[in-house]
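*Asks:* Before I ask anything, here is the structure I am working with.
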Amino acid sequence: MLKLARSVSAYAALPLVGLLTGPLLARLLGPEGRGVLAAVQQPLSLVEGLAALGAPAAATYFVARGVSARAVVRVLLPLSLAGGGIAFLALAIWDVAVLRGLGAPIWLLLVVHATVTLGAVINLRRGVLGGLGAMSTLDAERVAQALLRLMTIAGLWLLVVADGVLVAGALALSGLIGSMVLWRRGIGHHSHDAAITHVARGAAWRYAGAAWFGSIAISANARLDQAVLPLIADLEVLGFYAVAVTLAEVPLVLGTVLYRNVFQQAGGGQPFSAAIRQVGLAVGCAALLCLVLGVIVSWIVPVFFGEDFVPSVGATRVLATGTVLNVLMAGLAAWLSGKGHPGRASSAYLTSMALSAVGLFMIRGGAEVVEVAVVSVIASLGGCIVAGCLVTLERTTVGARAGHRA
């Protein structure tokens with residue numbers, strides 16, 4: 001329980017810094033400038049799933065099952081590098097086709113989005129460390145990123161850097177520097193005595209391929225709305241929505257820790273009862289935090305973000321409901337992935353992504369901020385239903401097999 005509390009605290013550092021610095025960014029950039037920042041940042045977050053090519057999930061799965069970490073890295077590193085290159089190409093096309101309308105130099109947008117190639121390697125490292133159970137190192141990375149982000153935004157505010165693209169670049173760089181904590185010790189320091197010193201490339205890549213769809217869907221489910229909003233609404237609406245997401249996603253840190261822990265434990269063979277206890281605790285805590293947020297958000301937004309952002313209040317309350325659903329979906333999907341069914345886990349997030357895409361298409365042409373939030377919640381609900389059905393199916397199948405053997 002103490003380790004879980006430490007992890008939650010570490011993963012909460014970044015959202016809390018977002019709360020502290022959100023008002024600074026909002027007042028520095030204004031609604032339209034905040035929209036520009038989101039328009040540059042969110043495509044980068046969106047393609048993280050594309051860049052991963054499922055390699056981090058495969059690394060966690062095989063290392064947790066006793067395969068040598070070094071062997072896993074040798075097999076999966078080429079996949080990560082290829083994914084990073086593909087993701088950067090996709091972002092470059094997006095920059096030229098869509099974001100050039102922001103008025104920023106194309107070369108600057110390309111430099112900001114080139115960080116996705118390094119991010120692919122960093123994500124692989126996270127996957128390996130997760131499989132080894134090196135949670136303290138992963139926690140330290142989160143804290144380092146949070147502190148660097150805080151210092152970066154404070155510096156930008158003091159220097160009055162009111163360009164959304166430059167702010168996005170500075171924040172991307174601070175995140176990369178913070179991730180260097182993952183290399184403070186070699187893999188050998190964390191490694192257990194691996195019983196398996198070799199993993200077949202085909203097996204690792206097949207698992208990664210199945211997990212890849214889930215990685216794409218997780219990223220898209222979290223960022224598709226903000227990435228697409230410049231096409232269906234004014235930048236001011238995107239600015240309002242970005243503030244609402246900043247507030248509503250603070251409790252989502254519970255889902256991030258839950259996914260990491262349940263995935264590693266399920267891969268290591270721990271029983272379903274242990275996983276479901278963690279899921280229940282995380283969902284309950286998330287619901288309580290979201291309830292408190294719904295009560296105080298009407299005071300937080302005008303006082304800290306300014307009266308201009310009052311339209312974010314209603315969207316925050318709606319998105320808070322989606323946060324609880326996303327925590328539940330994370331726990332169920334992590335258990336499926338840890339049991340060797342990344343494709344089934346992906347189905348939940350793919351369902352959510354598809355519902356989100358359909359919903360955004362339906363409200364195109366002058367979409368309002370609360371409408372976008374409602375679409376997000378409906379999408380999360382659909383993903384939860386699919387994940388719950390797949391977990392029930394897996395449990396029933398396992399029980400039937402056990403009965404047949406008996």
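*Asks:* I want to confirm something. Restricting to region 97-119 and keeping residues that are within 20 Å of residue 173 (Cβ to Cβ) and small (Gly, Ala, Ser), which single residue is surrounded by the most Cβ atoms within 10 Å (Cβ to Cβ)? Full working, then the answer.
*Replies:* Just the residues of region 97-119 that are within 20 Å of residue 173 (Cβ to Cβ), to begin with: 99, 102, 104-119.
Retained after the next criterion (residues that are small (Gly, Ala, Ser)): 104, 114, 119.
Details: 104: 21, 114: 17, 119: 25.
The qualifying residue surrounded by the most Cβ atoms within 10 Å (Cβ to Cβ) is 119.
*Asks:* Separate question: Under 24 Å from the mean Cα position of the chain (by Cα), of a type outside the set (D, E, K, R), at pLDDT below 90 and outside any loop (DSSP other than H, G, I, E, B): which single residue out of 130, 178, 188 fits that description?
*Replies:* Values: 178 fails: at pLDDT below 90; 188 fails: under 24 Å from the mean Cα position of the chain (by Cα).
Going through 130, 178, 188 in turn, just one is under 24 Å from the mean Cα position of the chain (by Cα), of a type outside the set (D, E, K, R), at pLDDT below 90 and outside any loop (DSSP other than H, G, I, E, B): 130.
*Asks:* Among residues belonging to region 242-266 that are surrounded by fewer than 24 Cβ atoms within 10 Å (Cβ to Cβ) and among the hydroxyl-bearing types (Ser, Thr, Tyr), point out the one that is nearest to residue 26 (Cα to Cα).
*Replies:* Across region 242-266, the extreme among qualifying residues is 246.
*Asks:* Does any residue in region 129-144 that is closer than 16 Å to residue 262 by Cβ come within less than 8 Å, Cβ to Cβ, of a residue that is at pLDDT 90 or above and among the small types (Gly, Ala, Ser) six or more places away or on a different chain, and which pairs are these?
*Replies:* 130/59; 131/59
*Asks:* Can you name every residue in region 46-96 that is surrounded by fewer than 23 Cβ atoms within 10 Å (Cβ to Cβ) and either outside any helix (DSSP H, G or I) or polar (S, T, N, Q) (or both)?
*Replies:* 65, 66, 67, 68
*Asks:* Among the listed residues 355, 350, which satisfies the condition of being farther than 24 Å from residue 280 by Cβ, part of a helix (DSSP H, G or I) and either of a type in the set (Ser, Thr, Tyr) or at pLDDT below 90 (or both)? Before you say what the answer is, go through the steps one by one.
*Replies:* Numbers: 355 fails: either of a type in the set (Ser, Thr, Tyr) or at pLDDT below 90 (or both).
Exactly one of 355, 350 is farther than 24 Å from residue 280 by Cβ, part of a helix (DSSP H, G or I) and either of a type in the set (Ser, Thr, Tyr) or at pLDDT below 90 (or both), namely 350.
*Asks:* Sticking with this one: Quick one: count up the residues across region 267-324 that are in contact with an Asp or Glu (Cβ under 8 Å, 6 or more places away or on another chain) and either aliphatic (A, V, I, L, M) or exposed (fewer than 15 other Cβ atoms within 10 Å of the Cβ) (or both).
*Replies:* Of region 267-324, the ones in contact with an Asp or Glu (Cβ under 8 Å, 6 or more places away or on another chain) are 319, 323.
Retained after the next criterion (residues that are either aliphatic (A, V, I, L, M) or exposed (fewer than 15 other Cβ atoms within 10 Å of the Cβ) (or both)): 319.
Residues flagged as in contact with an Asp or Glu (Cβ under 8 Å, 6 or more places away or on another chain) and either aliphatic (A, V, I, L, M) or exposed (fewer than 15 other Cβ atoms within 10 Å of the Cβ) (or both) within region 267-324 amount to 1.
*Asks:* Looking at this structure, is residue 155 buried (at least 18 other Cβ atoms within 10 Å of the Cβ) and either at pLDDT 90 or above or not in a loop (DSSP other than H, G, I, E, B) (or both)? Please lay out each step first, then the result.
*Replies:* Details: buried (at least 18 other Cβ atoms within 10 Å of the Cβ): no; either at pLDDT 90 or above or not in a loop (DSSP other than H, G, I, E, B) (or both): yes.
Judged against the criteria, residue 155 is not a match.
The values are calculated or read from the model by the stated rules, or taken from the named source; none is laboratory data. What you are looking at is a predicted structure, and each value in this text was computed from that prediction instead of being measured. So basically every Cβ, Gly included, is an ideal-geometry build from the backbone, and we count neighbours across all protein chains shown.
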